[in-house]
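Okay, so here's the structure we're looking at.
The values are calculated or read from the model by the stated rules, or taken from the named source; none is laboratory data. Just so it is clear, the model here is predicted, and its values are computed rather than measured. Quick reminder, even Gly has a Cβ in these numbers, built from the backbone with ideal geometry, and neighbours come from all protein chains shown. The area values use the complete protein model at the heavy-atom level, side chains included, leaving out ligands, DNA and RNA. Shrake-Rupley method; radii C 1.70, N 1.55, O 1.52, S 1.80 Å.
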Protein chains: 2
Amino acid sequence: MARPPRYDTSLLLDAAVRLAAEGGPAAVTMAAVAKAVGAPSGSVYHRFPSRSALMAEVWLRTVERFQEGYVAVLTASGDPGQAAVAASRHVVAWSRTHREETALLLHGPEAFGRGAWSPEQAERADAGNRRLFGRIAALAAELGARHPAQTERVALALVDLPLALVRRHVRGGGLLPAHAEQLAADSTALLLSDL
Amino acid sequence: MARPPRYDTSLLLDAAVRLAAEGGPAAVTMAAVAKAVGAPSGSVYHRFPSRSALMAEVWLRTVERFQEGYVAVLTASGDPGQAAVAASRHVVAWSRTHREETALLLHGPEAFGRGAWSPEQAERADAGNRRLFGRIAALAAELGARHPAQTERVALALVDLPLALVRRHVRGGGLLPAHAEQLAADSTALLLSDL
DNA sequence: TCCGTTTTGGAGAGGTCTCTCTATTTAATT
DNA sequence: AATTAAATAGAGAGACCTCTCCAAAACGGA
């Protein structure tokens, strides 16, 4: 009943991810996305009502893909200590196999215009974060955390620490060294040893 | 012998820092800087030959101010373990008292157009980083590190970890909680305990 | 007082980006 | 074959930004 799409949403988002990874969020212009897939700019506006809608979607799709795998690892193991270390290791391993998406995520949602997102998109981002933090808080409780400060330390050990390790290497444009997973796992275990 | 300056370099850089902290590096346009200090755009170009020269200078001045204090703390104490913990604590404390500059630094040099800097400016950035990493490597050696992987762990504990803690709170626009310094110090000490 | 130098003040050329609008194409359905 | 909904194709208006250029202003020194 209608002409079949030639430049569909995911194709445009793929191009946007590539552009963001190479030149940062500022390089993701509607014109650049259109050019990257060989479409006129009008076709991009046919899929996304505005640039900030596109930016939001690029961010959300990427972060949701990451969080899906991360939460799965977090809840896979029965032993909370093992789950924690596996999660930390997973962050590094995922970054290794998803270089462009990692480079994108390291910029953070603000760089993708978070302030201008639609309420629905902002809520999607919040929901993902709530879900993630909820799991981490539950794990922290299993590990014996009783004060908010202890829960924060668990979050630091499970998310921020491996991310910091990844950032150090990816920001310089380099590859992650082979021992990065081990370093992340060891560091996380150490931070949780004294909870 | 000449007309006295009305908008001097540091005044323009101050405005640029404010703009970057509020709206990210993209908000630092020549027009915005000029407007912020009430000058015509020509006066900004009188001080800086191009936008990227301004961006580089904003970044360099800020990062050099931070590194100055950090290196001082790092080398102040005789005991390497104490120096390490003090350095970690200093990162958090400095962030608390320098909110705008912290927000700026968290974006990283690439966001300030590092690729387009002049060779002299790029070298200034490199020299600062070499100096900092040199001190950390020396401290790592004092702490008993023998392999590069161990030195990396020290860098993680002394720089990336406290920065990650700061990032978590500042990125959301919030204030650092009162116990942040303590958490940074404890975490750093734990990571170094098993070197 | 006059000169030389630095700086201001401001207009505007040229480029890029966002977004709009309309005409045309395409293929499934009738 | 005619109809119809969805999608492409592309031109262009309007905003903003970088950077240039030149005249006017302000001060110290001769």
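Within the stretch A:135-152, does at least one residue satisfy the condition of being within 8 Å of another protein chain (Cβ to nearest Cβ) and either over 25 Å from B:LEU106 (Cα atoms) or not hydroxyl-bearing (Ser, Thr, Tyr) (or both)? Checked the stretch A:135-152: at least one residue is within 8 Å of another protein chain (Cβ to nearest Cβ) and either over 25 Å from B:LEU106 (Cα atoms) or not hydroxyl-bearing (Ser, Thr, Tyr) (or both). Candidates are the residues of the stretch B:15-26 that are open to solvent by less than 30 Å² (accessible area, probe 1.4 Å) and either free of Cβ contacts under 8 Å to residues at least 60 places away in the same chain or of a type in the set (Lys, Arg) (or both); the one that is farthest from DNA strand C (Cβ to nearest atom) is B:ALA16. Scanning the stretch A:9-29 finds no residues that are in a helix (DSSP H, G or I), touching a Lys or Arg at 6+ places or on another chain (Cβ under 6 Å) and closer than 21 Å to B:PRO25 by Cα. Annotation note: of A:SER43, A:SER50, the sole residue that is out of contact with any Asp or Glu (no Cβ under 8 Å at 6 or more places or on another chain) and within 12 Å of DNA strand D (Cβ to nearest atom) is A:SER43. Does at least one position in the stretch B:3-14 carry a residue that is open to solvent by less than 50 Å² (accessible area, probe 1.4 Å) and farther than 17 Å from B:ALA103 by Cβ? Within the stretch B:3-14, one or more residues are open to solvent by less than 50 Å² (accessible area, probe 1.4 Å) and farther than 17 Å from B:ALA103 by Cβ.
In the stretch B:35-55, how many residues are within 21 Å of the chain's Cα centre (by Cα) and either near DNA strand C (Cβ under 9 Å from one of its atoms) or within 14 Å of chain A (Cβ to nearest Cβ) (or both)? Even if it seems obvious, please write down each step before you answer.
Step one: list which residues in the stretch B:35-55 are within 21 Å of the chain's Cα centre (by Cα), which gives B:51-55.
Retained after the next criterion (residues that are either near DNA strand C (Cβ under 9 Å from one of its atoms) or within 14 Å of chain A (Cβ to nearest Cβ) (or both)): B:51-52, B:55.
Looking only at that region, the number is 3.
For B:PRO119, indicate whether it is out of contact with any Phe, Trp or Tyr (no Cβ under 6 Å at 6 or more places or on another chain), within 14 Å of another protein chain (Cβ to nearest Cβ) and not acidic (Asp, Glu). Reasoning before the result, please.
Details: out of contact with any Phe, Trp or Tyr (no Cβ under 6 Å at 6 or more places or on another chain): yes; within 14 Å of another protein chain (Cβ to nearest Cβ): no; not acidic (Asp, Glu): yes.
In short, no.
Reported count of residues in the stretch B:139-167, each being over 15 Å from B:SER193 (Cβ atoms) and polar (S, T, N, Q), is 1. Filter the stretch A:1-34 down to the residues that are among the aliphatic types (A, V, I, L, M) and within 14 Å of chain B (Cβ to nearest Cβ), then identify the one that is nearest to DNA strand D (Cβ to nearest atom). Per the stated criteria, the residue is A:ALA26. Sort out which residues of the stretch B:99-124 are in contact (Cβ under 8 Å) with a residue 60 or more places away in the chain and within 17 Å of A:HIS169 (Cα to Cα), and write them in order of number. Of everything in the stretch B:99-124, those that are in contact (Cβ under 8 Å) with a residue 60 or more places away in the chain and within 17 Å of A:HIS169 (Cα to Cα) turn out to be B:LEU106, B:HIS107, B:ALA111.
Inspect the stretch B:69-80 for any residue being more than 13 Å from DNA strand C (Cβ to nearest atom), in contact with an Asp or Glu (Cβ under 6 Å, 6 or more places away or on another chain) and open to solvent by 10 Å² or more (accessible area, probe 1.4 Å) and give the result as yes or no. Give the steps one after another, and end with the answer.
Just the residues of the stretch B:69-80 that are more than 13 Å from DNA strand C (Cβ to nearest atom), to begin with: B:69-80.
Now narrow it down to the ones that are in contact with an Asp or Glu (Cβ under 6 Å, 6 or more places away or on another chain): B:80.
Subsequent filtering for residues that are open to solvent by 10 Å² or more (accessible area, probe 1.4 Å) retains B:80.
Checking the stretch B:69-80: at least one residue is more than 13 Å from DNA strand C (Cβ to nearest atom), in contact with an Asp or Glu (Cβ under 6 Å, 6 or more places away or on another chain) and open to solvent by 10 Å² or more (accessible area, probe 1.4 Å).
When the test is whether a residue is crowded, with 21+ Cβ neighbours inside 10 Å, touching a Ser or Thr at 6+ places or on another chain (Cβ under 9 Å) and without any contact (Cβ under 8 Å) to a residue 40 or more places away in the chain, A:LEU191 passes it.
Close Cβ contacts (under 6 Å, 6 or more residues apart or on different chains) running from residues in the stretch A:158-178 that are in contact (Cβ under 8 Å) with a residue 12 or more places away in the chain to residues that are among the charged types (D, E, K, R) comprise A:LEU176/A:ARG96. What's the number of the condition B:SER77 fails, among (1) more than 14 Å from chain A (Cβ to nearest Cβ); (2) at pLDDT 95 or above; (3) more than 13 Å from DNA strand D (Cβ to nearest atom)? So the condition that B:SER77 fails would be (2). I need a count of the residues in the stretch A:120-158 that are open to solvent by less than 30 Å² (accessible area, probe 1.4 Å) and within 23 Å of A:ALA56 (Cα to Cα). Qualifying residue count, the stretch A:120-158: 5. In the condition set (1) open to solvent by less than 40 Å² (accessible area, probe 1.4 Å); (2) part of a helix (DSSP H, G or I), A:ALA39 is compliant with all but (2). Report the residue count in the stretch A:177-192 for those that are farther than 22 Å from A:ALA140 by Cα and not hydrophobic (A, V, I, L, M, F, W, C). Total satisfying the criteria: 2. Within the stretch A:78-96, the set of residues being among the β-branched types (Val, Ile, Thr) and over 13 Å from the mean Cα position of the chain (by Cα) comprises just one member, A:VAL85.
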